[in-house]
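Have a look at the structure below before the remarks.
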Amino acid sequence: MNVLVLNCGSSSLKFQLINAENEELIAKGLCERIGIEGSQLVYSPTGGEKVTTVVPMPDHTAAVKLVLDSLCDKEVGVVKSLEEINAVGHRIVHGGEKFAASTILTDEVIKGIEECNDLAPLHNPANLIGINACKELMPGVPMVGVFDTAFHQTMPKEAYLYGIPYEYYSKYKVRRYGFHGTSHSYVSQQAARLLGKSYEDSKIIVCHLGNGASVSAVKNGKCVDTSMGLTPLEGLIMGTRSGDLDPAIIEFIAKKENKTIEQIMNMLNKESGVLGISGGLSSDFRDLEEAHAKGDDAGTRTLEAFCYRVAKYIGSYMVALNGVDGICFTAGVGENSGLVRSMICEKLAFTGITLDKEANGKRGEDIIISSNAEGPKVMVIPTNEELMIARDTYALVK
Ligand code: ADP
């Protein structure tokens, strides 16, 4: 069965076509600048050459149509006709408390996703546009929704309640949800395998460190805590998001700088994180590492603050798990930056963790990078959210 995995953003669309039986990638690509001038499709069939086409895409339906045309194209295509695309798996950002698992997309489910729009006003509407585009272009093909929040729905109340009046939870469902769930789920499963442990009897901490970043504590295959909250703004210091802060800062800066709540929220989402701490130097860790290597304090203070926050979360999740078998690093920074991993692990020396320098320098494979015989193991596990979406889709549709 071939599963088309779609990840629709407000002006972009990422896709992969995966053979769900042997889990091989057949083709992948990206539509950018949908609805904006200069839109383009980048299409990469496995084993073939990457094709970039600059072509107008007024809306998501046009983008999905172009993707399907490329997949079926006589020259660069990978399937003979649309009939060889058997199911579609959609990444959906917010499932609220309604969706604790991946679900076949019926009209009722789609309505339920619409009801979560309030919780993710930037993301869910874009996901729904992608769903509707597929409904129009591939009528009758089964579709599955895979939610970023679903894996975290097992968190206990003590972990998801905020210290604010309970009525806001009762009335508006203001609580912690967590994101990157597909990645945390995939990586924690791979980690148990790599440790030679049963997933149902394991304590794993996953550090998903990309542009957006979050940590999760997974006990016996179930998430018990995670660092993102009602929105992806809470928790770690990220590329441009602040992560945890004293909420009183919002009023303080608003008054000092005569700013509105919207302006402050924009600053916390887009101008903060490592970009902000580094004084606007960069949100990209490659630039920060380069600055640090040259002795530039902007690079050094930023990396220190970022790594300290991650280590602090790992420490608190050892409490949430009452111990830990393995700590995993994944996503852009987690998979690629040996420096960030070693700076974080240095702060965990009390647990007995020591890193194997050679292993910590490797890339692109599931690997244990710690050398201590006792105590928690440290791992790098490249995430694969698309494969996880294809697996869930296959399991529900087959
Ligand atoms: P997202 O999916 O959240 O946009 P990614 O998981 O792709 O983000 O991570 C992107 C980030 O990974 C980049 O902003 C960059 O900081 C970091 N990154 C990528 N390659 C490297 C590298 N070789 N060394 C250090 N950091 C890297």
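The values are calculated or read from the model by the stated rules, or taken from the named source; none is laboratory data. Quantities reported herein were computed from a predicted structural model and do not represent experimental measurements. Counting neighbours? That spans all protein chains shown, and the Cβs are built from the backbone with ideal geometry, glycine included. Remember, those area values only see protein heavy atoms, side chains included, never the ligands or the DNA or RNA. Shrake-Rupley method; radii C 1.70, N 1.55, O 1.52, S 1.80 Å.
Close amide H pairs (under 5 Å, H built 1.01 Å from N) link V144 with V88, G89, H90, L105, residues at least 5 positions away or on another chain. With the highest mean first, a sort of the peptides 179-186, 164-171, 379-386 on other beta-carbon atoms found within 10 angstrom per residue produces 179-186, 379-386, 164-171. Can you say what percent of the DSSP beta bridges in the stretch 2-147, counting only those with both residues inside, are antiparallel? Round to 5. Of the beta bridges lying entirely in the stretch 2-147, close to 75 percent run antiparallel. Using θ = phi - 60° in the Karplus curve 6.51 cos²θ - 1.76 cosθ + 1.60, the 3J(HN,Hα) couplings for the stretch 327-343 round to 10, 10, 10, 8, 6, x, 7, x, 7, 10, 9, x, 5, 4, 4, 6, 5 Hz; x is entered for Gly and Pro.
On the basis of the beta-carbon distance and an R0 of 22 Å, E75 and Q40 show a calculated FRET efficiency of 0.75.
The Stokes-Einstein estimate for the chain, based on a Kirkwood radius over Cα pairs and taken at 20 °C with 1.002 mPa s viscosity, is a diffusion coefficient of 97 µm²/s. If R0 equals 35 Å, the separation of the Cβ atoms of K50 and R286 corresponds to a calculated FRET efficiency of about 0.95.
Listed by chain and number, the aspartates and glutamates whose C-alpha is less than 16 Å from the C-alpha of K14, apart from same-chain residues fewer than 8 away, are E32, D59, D69, D148, E385, E386.
Shown is the FRET efficiency for K398 and D356, computed with R0 = 41 Å from the Cβ-Cβ distance and rounded to the nearest 0.05: 0.50.
For the listed residue pairs K98/K173; K203/K312; K312/K347; K111/K270, the alpha carbons are over 19 angstrom apart in K111/K270.
Averaging 1/r across all pairs of distinct Cα atoms in the stretch 196-380 and inverting the result yields a Kirkwood radius of 17.2 Å. Extension gain for N220 to Y162 (0.36 nm times residue separation, less C-alpha to C-alpha distance): 18.4 nm. What list of ³J(HN,Hα) couplings, whole Hz, do you get for the stretch 151-159 from phi and the Karplus terms 6.51, -1.76, 1.60, once you set θ to phi - 60° and write x for glycine and proline? Values, residue by residue: 4, 8, 5, 7, 4, x, 3, 4, 8 Hz.
Spin-label model, K256 to T300: label points 7 Å out along the Cα-to-beta-carbon direction sit 2.5 nm apart. Let me make sure I get this right: for the stretch 2-147, a, b and c are the square roots of the gyration tensor eigenvalues over alpha carbons, sorted descending. Under 1.5 in a/c it's rounded, otherwise prolate if a/b > b/c, else oblate. Which is it? Since a/c reaches 1.5 but b/c is at least a/b, the shape of the stretch 2-147 is classed as oblate. Using a 1.4 angstrom probe on heavy atoms only, work out the carbon and sulfur share of the accessible area of the chain in %. Here carbon and sulfur together make up 51 percent of the probe-accessible area.
Solvent exposure of the chain amounts to 46 Å² per residue of accessible area, where only protein heavy atoms count and the probe is 1.4 Å. Once backbone amide H atoms are built at 1.01 Å from N, D225 has A217 as its partners under 5 Å, excluding neighbours fewer than 5 places away on the same chain. Near the amide H of K377, within less than 5 Å, lie the amide hydrogens of G326, I327, all on another chain or at least 5 residues away, with H placed in the peptide plane. Normalised by the number of residues in the stretch 1-155, the mean separation of alpha-carbon contacts (under 8 Å, six or more apart) gives a relative contact order of 23 percent. Per residue, the convex hull spanned by the Cα atoms of the stretch 296-356 measures out at 95 cubic angstrom. Rg/Rh, computed from the Cα trace of the stretch 1-85 with Rh as the Kirkwood radius, has the value 0.96.
Straight-line reach from K157: taking Cα to Cα under 13 Å and skipping same-chain neighbours fewer than 8 places apart, the aspartates and glutamates in range are E97, D225.
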